[in-house]
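Derivation of every value follows stated rules applied to the coordinates shown; laboratory data play no part. Everything quoted here is computed from the prediction, not taken from an experiment. As a convention, Cβ positions derive from the backbone with ideal geometry for all residues, glycine included, and neighbour counts pool all protein chains shown.
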Amino acid sequence: MNLFEALLRPVLFRLDPERAHALAIEALRCRLVPLPAPPADARLAVTVAGFDLPNPVGMAAGFDKNAVIAGPLLAAGFGFVEIGTVTPRPQSGNPRPRLFRLERDGAIINRMGFNNDGQERVAGRLAARTGPRGIVGVNIGANRDSPDFIADYVAGLERLWDVADYFTANISSPNTPGLRDLQGRAALGELLARLLDRREQLAAGRGRRRPVFVKIAPDLDNRQMDAIAAAVEGTGLDGLIIANTTLSRHGLRPGPHAGEAGGLSGRPLFERSTIVLARMRQRVGSLPLVGVGGIDGARSAIAKLEAGANLIQFYTGMVYRGPALAGAVNRGLVRFMAANAVARVGDLTGRRTGEWASRKLPEEG
Ligand SMILES: Cc1cc2nc3c(=O)[nH]c(=O)nc-3n(C[C@H](O)[C@H](O)[C@H](O)COP(=O)(O)O)c2cc1C
């Protein structure tokens, strides 16, 4: 148990989860939380999609939806930070309550519904950003009432081009009706064609390219994974982020919030998201993959890399383990590499893909 878990967590967990989140953002913004310096170890450095990152550990989307604390998160030891999801127009999201802690499972259920300040304000905040340099990507999405979801992703690219280091098209939130349909082969093909065409135009006009990733769900069967791999092949997409929250409730202990609607994240998502990651690795060759879902320490981070991830991200782990988790995961990675004569973190990627891919998802019996 670390200092956060012993002292701060009991206080925060007595508050309504959204209030606790707002307080945590404020504390990080004002740098009220003293954090040990992240390890600067050459073995952690990794180059993915043209970026030289100090370490492979990223902040997942949804924690800093409005780009308020990108700098403090980089200072806390994250190798890169993904802000958003940002939609073209501001959006208040679903009615509260919409965020639930499942403490015994180390999990969260959320149905936030893309509450965010909108592209305009987020662009202004990113443009005014000071503090440590580092890679800050923007996760883009569609307004719930949009008549053309794909146009909203294209608008995100256009409006945020100058302030984002990379983009993630989030087509896997379970909380915007119809969004996940973009994962079908034809719809994904159309999204990629329109988005990546626009990317090439913008890159040619502004003289700088931006990597584009697509974030997919963990609730995919093998045929759906085949369809995604086929739609992605040859498009110039820079990578996949695997995975968003799950609609599955497999393995949850009975409790007051286990039946809430929304996406489940945290420990119960680890196995499922890691299996899907490994199976996608088998389908996409060397395409960069970012592994997300249930990482709560160095062990689970190492497993994600071994299953096939080039980079990793977490969100729920930060809620349960606190802001020192990024540094702790990096220190754990260094210890593991030293003990196992691994020269660099990239050498862990895919060492156990076959093993993970052959595990069964709960619905496969
Ligand atoms: C409260 C909450 C809000 C989230 N919001 C977003 C979001 O806006 N966009 C997105 O792509 N993912 C969002 N996510 C998903 C996370 O980025 C991540 O994919 C997922 O939670 C699994 O990782 P974890 O188990 O480490 O939390 C959200 C997750 C949580 C818990």
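Comparison of Ile275, Ile241 shows that the only residue that is crowded, with 24+ Cβ neighbours inside 10 Å, touching a residue at least 40 places away in the same chain (Cβ under 8 Å) and under 13 Å from Lys304 (Cα atoms) is Ile241. The condition of being touching a residue at least 12 places away in the same chain (Cβ under 8 Å), closer than 26 Å to Pro34 by Cα, out of contact with any strand residue (DSSP E or B) (no Cβ under 6 Å at 6 or more places or on another chain) and within 16 Å of the ligand (Cβ to nearest atom) holds for only one of Ala307, Ala298, Ala326, Ala303, that being Ala298. You will find that of Asp148, Asp181, Asp165, Asp117, the residue that is in contact with a Gly (Cβ under 6 Å, 6 or more places away or on another chain) and charged (D, E, K, R) is Asp165 and no other. Just one of (1) within 24 Å of Ser173 (Cα to Cα); (2) away from the ligand (no atom under 12 Å from the Cβ) fails for Gly317. It is (2). The residues of region 251-273 that are under 16 Å from the mean Cα position of the chain (by Cα) and either among the small types (Gly, Ala, Ser) or over 20 Å from Met318 (Cα atoms) (or both), listed by number, are Gly263, Ser265, Gly266, Ser273.
When Arg208 is tested against (1) over 21 Å from Ala151 (Cα atoms); (2) over 19 Å from the mean Cα position of the chain (by Cα); (3) surrounded by 18 or more Cβ atoms within 10 Å (Cβ to Cβ), only condition (3) is not met.
Among residues that are crowded, with 18+ Cβ neighbours inside 10 Å and farther than 23 Å from Asp165 by Cα, Arg9 is included. Please specify each residue of region 118-143 satisfying the condition of being surrounded by fewer than 18 Cβ atoms within 10 Å (Cβ to Cβ) and within 14 Å of the ligand (Cβ to nearest atom). Within region 118-143, Gly118 is the sole residue that qualifies. If you check Leu289 against the conditions, is it in contact with a strand residue (DSSP E or B) (Cβ under 7 Å, 6 or more places away or on another chain), farther than 27 Å from Leu8 by Cβ and more than 13 Å from the ligand (Cβ to nearest atom)? Yes: the conditions hold for Leu289.
Among the residues of region 173-185, those identified as closer than 21 Å to Ala229 by Cα and either touching a residue at least 12 places away in the same chain (Cβ under 8 Å) or in contact with a strand residue (DSSP E or B) (Cβ under 6 Å, 6 or more places away or on another chain) (or both) are Ser173, Pro174, Gly178, Leu179, Arg180, Leu182, Gln183, Gly184, Arg185. Within region 353-365, residues that are assigned to a loop (DSSP other than H, G, I, E, B) sit with their Cβ atoms under 7 Å from residues that are not small (Gly, Ala, Ser), at 6+ positions apart or across chains, in these pairs: Arg359/Ile275; Leu361/Arg272; Leu361/Ile275.
Here the strands (runs of 3 or more DSSP E) wholly within region 177-292 that include at least 3 residues being closer than 24 Å to Ala61 by Cα and hydrophobic (A, V, I, L, M, F, W, C) are 212-216, 239-242, 289-292. Out of the residues in region 147-171 that are of a type in the set (Gly, Ala, Ser) and surrounded by 19 or more Cβ atoms within 10 Å (Cβ to Cβ), which is farthest from Asp52 (Cα to Cα)? For region 147-171, the residue satisfying everything is Ala155. Residues in region 296-314 that are surrounded by 23 or more Cβ atoms within 10 Å (Cβ to Cβ) and closer than 18 Å to Ala24 by Cβ: Gln313, Phe314. In the set (1) over 20 Å from Arg111 (Cβ atoms); (2) crowded, with 22+ Cβ neighbours inside 10 Å; (3) of a type in the set (Ser, Thr, Tyr), the condition left unmet by Ser265 is number (1).
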